[in-house]
Amino acid sequence: MNIVFISDFFNKQLNGGAENNDSVLINELKNRGYSVEEINCSSISTRKIIDSSFFIISNFVSLKHEHKLALKNKKYLIYEHDHKYLKTRDPSSYLDFVAPKEDLINIDFYRKAHAVVVLSNVCKKVIEDNLNIENVYNIGCSLWSQERLDFIEELSYNEKNNVFAIMNSSNPIKNTDLAIKVCKDKKLNFDLLNSCSEKEFLIKLSTYKGLVFLPKVLETFSRISAECKMLNCKLVTRPRLLGFASEKDLFSMNGKELINNIKQRNEKAIELFLTLLEEMKENSGG
């Protein structure tokens, strides 16, 4: 089965949560014998869409309208990372996360997908409440490689100091200023952790008492929050704005127990993707 995987960026171009998720999924599919071709939204062509049969669509902010129209006649699933059915891409600004109709976009694109795969309970509810669709599947996790989870487990036994970490991010949705204010108000000792490689950041974080992370928008899962708890660090956050927190049994875990549960969920998630892809193949008469 040949799959065209379309996204705004891939992890060799941008080191983000969505791109890391996609990388794990792509590698798992390739390991199971699927042919996966990665194409940026800015590079896809109508001819390529016409000549191909099966698609996975990840982030698609830069996907042209003409290409969305062409895809509607194809078999595709959407791996949803950040609320692209809203003009604002932020449901948290609306009462009960439900936007007025004039703020909804890409409605038919989601409805015509064979499946829309989301990362958490709250994201499944929010997209269903906004779009009134029934093709949404929740995997209840972000995707990590086995190597990454093993590395986190090694770090989880590191001795902790008595200081909280704050990501020193210029991205306003990460809300670094509020995290600083909360620490000062609560008289918590804190350090700002500057941008660095993923592994270096995890190594540093593993030696801290905890992480203060107070996002401005609804995080579809929040890998950093889950990694914090996997590292046996405390997490000071806004649970209402974390997809991770909506997976209540998972959110209550720490350390090795959480890591093991994430591994199990990752395996089930990959199996779901395989099932959905085979359904697409069968429905196409392949």
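Residues that are hydrophobic (A, V, I, L, M, F, W, C), without any contact (Cβ under 8 Å) to a residue 60 or more places away in the chain, farther than 27 Å from LEU77 by Cα and in contact with an Asp or Glu (Cβ under 8 Å, 6 or more places away or on another chain) occur at least once in region 186-204.
Select from region 249-266 the residues that are charged (D, E, K, R) and either free of Cβ contacts under 8 Å to residues at least 40 places away in the same chain or touching a Cys at 6+ places or on another chain (Cβ under 7 Å) (or both) and write down the one among them that is surrounded by the fewest Cβ atoms within 10 Å (Cβ to Cβ).
To start, the set of residues in region 249-266 that are charged (D, E, K, R) comprises 249, 256-257, 263, 265.
Subsequent filtering for residues that are either free of Cβ contacts under 8 Å to residues at least 40 places away in the same chain or touching a Cys at 6+ places or on another chain (Cβ under 7 Å) (or both) retains 249, 257, 265.
Details: ASP249: 8, GLU257: 13, ARG265: 18.
Only one residue fits best here, namely ASP249.
Applying the selection to region 37-83, what residues are among the aliphatic types (A, V, I, L, M), surrounded by 13 or more Cβ atoms within 10 Å (Cβ to Cβ) and assigned to a loop (DSSP other than H, G, I, E, B)? Passing the criteria: ILE44, LEU63. Return the residue satisfying two criteria in turn: it lies in region 273-284 and is assigned to a helix (DSSP H, G or I) and open to solvent by 40 Å² or more (accessible area, probe 1.4 Å), and of such residues it is farthest from LYS75 (Cα to Cα). By that ranking, first place goes to THR275.
Scan region 222-240 for residues that are of a type in the set (A, V, I, L, M, F, W, C), closer than 19 Å to VAL118 by Cβ and open to solvent by 10 Å² or more (accessible area, probe 1.4 Å) and the total you get is 1. Can you work out which of the residues in region 164-179 that are small (Gly, Ala, Ser) and modelled with pLDDT under 95 is farthest from SER225 (Cα to Cα)? Only one residue tops the list, namely SER170.
Among the residues of region 8-17, are any open to solvent by less than 60 Å² (accessible area, probe 1.4 Å), closer than 30 Å to GLU147 by Cβ and in contact (Cβ under 8 Å) with a residue 40 or more places away in the chain? Scanning region 8-17, I find at least one residue that is open to solvent by less than 60 Å² (accessible area, probe 1.4 Å), closer than 30 Å to GLU147 by Cβ and in contact (Cβ under 8 Å) with a residue 40 or more places away in the chain, so the answer is yes.
So that you can scan it fast, the table gives a plain yes or no per residue for (1) surrounded by fewer than 20 Cβ atoms within 10 Å (Cβ to Cβ); (2) assigned to a strand (DSSP E or B):
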residue	(1), (2)
GLY140	no, no
LEU143	no, no
GLU147	yes, no
TYR157	yes, no
ASN162	yes, no
ILE166	no, yes
SER169	yes, no
ASP177	yes, no
ILE180	yes, no
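With the requirement that a residue be open to solvent by 10 Å² or more (accessible area, probe 1.4 Å) and either under 15 Å from ILE56 (Cα atoms) or under 15 Å from the mean Cα position of the chain (by Cα) (or both), what does region 84-99 give you? Answer for region 84-99, where residues must be open to solvent by 10 Å² or more (accessible area, probe 1.4 Å) and either under 15 Å from ILE56 (Cα atoms) or under 15 Å from the mean Cα position of the chain (by Cα) (or both): ARG89, ASP90.
The values are calculated or read from the model by the stated rules, or taken from the named source; none is laboratory data. Just so we're clear, the structure is a prediction, and the values are computed from it rather than from any experiment. When we count neighbours, we look across all protein chains shown, and the Cβ atoms used for this are built from the backbone with ideal geometry, even at glycine. All accessible areas refer to the heavy atoms of the entire protein, side chains included, with ligands and DNA or RNA removed. Shrake-Rupley method; radii C 1.70, N 1.55, O 1.52, S 1.80 Å.
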